[in-house]
Amino acid sequence: MSYVDAGYAVGLSVLFLYAIGLLVRRRSLERAVDLSMPPSESADGSAETGAAPAP
Amino acid sequence: MSARPEDRRVVAPRPRWLRIVGALALVSTAATVWLGLWVTPPDQVQGNLVRLVYLHPPIAWVALYLAFGLAALSSLFYLWRRTRSLFWDRLAAASVEVGIVFTALTLATGMLWGRPTWGVWWTWDARLTSTALLLVLFLGYLALRRVPADPEVRARRCAVAALIAFVDVPIVHFSVIWWQTLHQGATVLNSNLSPTIHGSMAWTLLLGFVALTLVFVWMVGVRYRIEVLADRTGAERLEVSLAERWAEGDLDMAGASGSPATRNGGAVSLRPPTRVGP
């Protein structure tokens, strides 16, 4: 492998791996935020979890 | 019926422009690699090694001027009372992290160019040393961000640190003029502002600058969103943790003072311990 090939391989693969890492971090945080939110309430006031409305 | 994830989504949607920038970055980077490796001719003096010019200077441009420039500007806006907002702090943090990746790549690709050209992987040349120092300074910035503190205190500390670290950027830029160095002088941004590169080589280099700039914009966009989400989950975790501590405190008090009925001679009715968490 020439120095030129090595330069392109190192440069592009590091950028690619960092970009993938960013996407994975973003996805996992979005999921964490989504899960931490309480379920939204439906029109009749009952939670969308299947539980009966509170008395 | 359980809610679908998209129904429960409370995070702002991903911006559409970021996808467009990402696609453009991918296409322009692929075009730069194709032109750089297969289309442009070898140089009269450097031969095929000149092909690294389409990668190394654009990476260095992003690291030094875009990433750390944006970080310094954002820090300045944060420190200025009129524009103070955590937006600038997050933008600076995103920019610094991306800048560190690009600075490390600047050093790595520079070493791969230096070995066949100068005969050594590394030399304590002014340009190389000041660039390595820049990497260390901004790694310190990231370390400072991890020190637990109130978000505004952290933002102020980091803004000052970014401005101090940025002092090294002009030193890196002018190092090839101020000192005698092995590193070559500026090819494009020289004192006469007349590029010493021509034809297809110049166009490919220009495309390289555009491509890596787009990559930088995309990465900072994604990294900024990560910063927003991390702040949000961090704040929520803190709230839950505080509520748990309060609940534990209530339980401890109840355990230490006997039953709620006997506490304070039964004069005060105590609320039951708060149940926290799912």
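Each reported figure results from applying straightforward, stated rules to the coordinates on display, with no laboratory input. Only a predicted model underlies this, so the values are computations on that prediction, with no experimental measurement involved. All Cβ positions, even for glycine, are placed from backbone atoms using ideal geometry, and neighbour counts span all protein chains on display.
Dipole check for region B:51-155: with +1 at the C-beta of Lys and Arg, -1 at the C-beta of Asp and Glu, and the Cα centre as origin, the magnitude is about 120 Debye.
Neighbour counts of other Cβ atoms within 10 Å put B:Met219, A:Met1, B:Met201 in the fewest-to-most order A:Met1, B:Met201, B:Met219. Averaged over peptide B:99-111, the number of partner chain Cβ atoms lying within 10 Å of each residue's Cβ comes to 3. When the alpha-carbon atoms of region B:83-188 are used, the pair Rg, Dmax equals 16.1, 50 angstrom.
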